[in-house]
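The values are calculated or read from the model by the stated rules, or taken from the named source; none is laboratory data. The structure displayed is predicted, hence computed values, not measured ones. Cβ placement follows ideal geometry from the backbone for every residue including glycine, while neighbour counts extend to all protein chains displayed.
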Amino acid sequence: MLPSAQLAIFAASVVLFVPMGLAGLHLSRTKMLFFSGILFIFLFVAVHLAPYFLSISHLLLASIFFPSPPPYSLLPPSSCLPFLHRISWTHVPDPAWSWDPSAPVRSCGFQSLSNPDASILLNGSWILVAGDSQARLLVLALLRLLLDPTSLASVEPDLFKRHSDYHIAIADRGIKIDFLWAPYERNITDLLARNIQPVPPYPDVMVLGSGLWHMLHFTNSSHYGEAVNGIKEAVFSLRSPVLPHMFWLGLPTLISSKLNTPEKRERMTDARLEAYGREVARTKILRQSGGPLMLLDIRWLSRGCGSQCTDDGMHYNGVVYNAALQIMLNALVIESQQRIE
Ligand SMILES: *[C@@H]1O[C@H](CO)[C@@H](O)[C@H](O)[C@H]1NC(C)=O
Ligand SMILES: *[C@@H]1O[C@H](CO)[C@@H](O)[C@H](O)[C@H]1NC(C)=O
Ligand SMILES: *[C@@H]1O[C@H](CO)[C@@H](O)[C@H](O)[C@H]1NC(C)=O
C-alpha cells in the first residue's frame, strides 16, 4: 500500500495534469481559462493542506504560489462574490489597499494575484477592454502585473496615445489584450456589434465602461440611461455560444475642486454622478440587478483612496485600478470554479 503522503502527491498530479492535458488537447481557449482557474484553486487548496503532506509538495506548491500558507478555510465560492469590494485603505506612507480582515471576507481567502498566478489564470485568453480613459488605466494595471518593467516602458507610450486603440499579444502566455477607445456608450454598442463575430475566437473576458464624456458633453442622465440600455441589448445579442466573463467599469468619484476646466466643474457634479449611477442601476445591466455584467466599483475604490490619489479630480493613481484589477481576477477565479460545478 502506498504511504498516504505519496498517495496525496499522486492524487495531486492527477488533478493537476489531467485537466491541463484535456484543456491543451481538446478544448477551446475559453475552457482553458476555466481549467486554469481550477488549477489555481487546486493549488490554493493544496497549499491549505500542505502541512499534512510531505515537505516536498509544500515546497513545490506553496513556495511557487504563496510564500506563507493562508490561514483560513474556503467558503463556497459563489457566496464570496459580494465580498470582493470589502477592502480597506491605509495612507501611510503611500495609499495601499487590502481586503478587509473581518470574518466573512477573510474566509473567502482572496489573494492579490502575482505575475505567475495571473499568467496561469489568463493563459490562452483574449481580454477585451472598451471604454474611456478609466478603461485605459485598467489596462495599464493589467500590463503592470503581466509585463516586466522594461517591456512595460516600451508599451506605455503606445497605450497612452491619445484617443487610440491598443493591442498587445503576450506570446509566451498566449494572452491577447485589446483596448478599444470608446468614450461614448454608442461607441461600445457599435463595437460589440462589429468586433464580436458569430464565429470564434470570442473574447474570454470583457470590460466595458463609459460615462465621463457623456456627463461632460450631454449632462442628461436619462439619455445616458438609454445609451447604457443600448449596451445591454448589444450584450444580449452577442452570438458567442458561451458569454464572456463581463465587467462594467463604474464612474470614479469626482473631486470638483480639482477638475481642470470650468465646464467640468459646472457639469460633473456629485448630484449628476448620483443620477448617472441610478440610471445604470435602472438598466439592470449589472449582476446585482440580475444583469450580465459585474460592477468594478471605481467610485467606491477611488473614494477609499481619497482626493490625494488624483491630480485632475477624475483620473486616479495606479493603486485604485490595481484594486479593481485584483477584484476582477479574483472574480474570474471564483467564476472559473462555478462554471464547472
Ligand atoms: C500557457 O499554456 C501553454 C500551453 O497551453 C504552456 O506551454 C505554457 O507554459 C503556459 N504558460 C504559463 C505561464 O502558464
Ligand atoms: C464615438 O461616437 C461618437 C459619437 O457617436 C463619434 O463621433 C465618434 O467618431 C465615435 N468614436 C469611435 C472611436 O468610434
Ligand atoms: C434628456 O434625454 C431624454 C431621453 O433621451 C429626453 O427625452 C429629454 O428631452 C432630455 N432632456 C433634455 C433637457 O434635453
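Mind listing whichever residues of region 194-250 are within 16 Å of ligand 2 (Cβ to nearest atom), under 16 Å from Phe179 (Cα atoms) and of a type outside the set (Ser, Thr, Tyr)?
Selection gives Arg194, Asn195, Ile196, Leu208, Gly209.
Just name the residue that is surrounded by the most Cβ atoms within 10 Å (Cβ to Cβ) out of those in region 121-151 that are hydroxyl-bearing (Ser, Thr, Tyr) and in a helix (DSSP H, G or I). Walk me through how you get there before you give the answer.
Taking region 121-151 first, the residues hydroxyl-bearing (Ser, Thr, Tyr) are 125, 133, 150-151.
Pick out the ones that are also in a helix (DSSP H, G or I) and you get 133, 150-151.
Values: Ser133: 18, Thr150: 7, Ser151: 13.
For region 121-151, the residue satisfying everything is Ser133.
So how many residues does region 98-119 have that are crowded, with 18+ Cβ neighbours inside 10 Å and either touching a residue at least 60 places away in the same chain (Cβ under 8 Å) or assigned to a loop (DSSP other than H, G, I, E, B) (or both)?
Going through region 98-119 one residue at a time, the tally reaches 5.
Among all residue pairs at least 6 apart or on different chains, which show Cβ distances below 7 Å where the first residue, located in region 312-341, is charged (D, E, K, R) and the second is modelled with pLDDT under 95 and assigned to a helix (DSSP H, G or I)?
That search, which allows pairs on different chains as well, returns Arg339/Phe34.
Given the criterion within 22 Å of Lys264 (Cα to Cα), within 13 Å of ligand 2 (Cβ to nearest atom) and small (Gly, Ala, Ser), identify the matching residue among Ala135, Ala130.
On the way: Ala130 fails: within 22 Å of Lys264 (Cα to Cα).
After applying the criteria, what remains is Ala135.
Would you pick out the residues in region 278-289 that are surrounded by fewer than 17 Cβ atoms within 10 Å (Cβ to Cβ), closer than 22 Å to Gly304 by Cα and modelled with pLDDT of 95 or more?
Arg278, Ala281
Residues of region 174-208 being within 16 Å of ligand 3 (Cβ to nearest atom) and either within 20 Å of Glu335 (Cβ to Cβ) or outside any helix (DSSP H, G or I) (or both), which ones? Let's see the steps before the verdict.
Of region 174-208, the ones within 16 Å of ligand 3 (Cβ to nearest atom) are 184-186, 189.
Tyr184 - this is the single residue of region 174-208 that is within 16 Å of ligand 3 (Cβ to nearest atom) and either within 20 Å of Glu335 (Cβ to Cβ) or outside any helix (DSSP H, G or I) (or both).
Please go through region 152-169 and pick out each residue that is in contact (Cβ under 8 Å) with a residue 24 or more places away in the chain and surrounded by fewer than 16 Cβ atoms within 10 Å (Cβ to Cβ).
Of the residues in region 152-169, the ones in contact (Cβ under 8 Å) with a residue 24 or more places away in the chain are 160, 166, 168.
The one that is in contact (Cβ under 8 Å) with a residue 24 or more places away in the chain and surrounded by fewer than 16 Cβ atoms within 10 Å (Cβ to Cβ): Phe160.
What number of residues in region 209-267 are within 16 Å of ligand 3 (Cβ to nearest atom), in a helix (DSSP H, G or I) and β-branched (Val, Ile, Thr)?
Qualifying residue count for the region: 2.
What pairs can you find where one residue is in region 170-188 and over 10 Å from Val129 (Cβ atoms) and aliphatic (A, V, I, L, M), the other is assigned to a helix (DSSP H, G or I) and more than 6 Å from ligand 2 (Cβ to nearest atom), and their Cβ atoms are less than 8 Å apart, with a gap of 6+ or different chains?
Note: pairs meeting the criteria are Ile170/Leu146; Ile175/Ser119; Ile175/Leu122; Ile175/Leu146; Ile188/Ile231; Ile188/Ala234.
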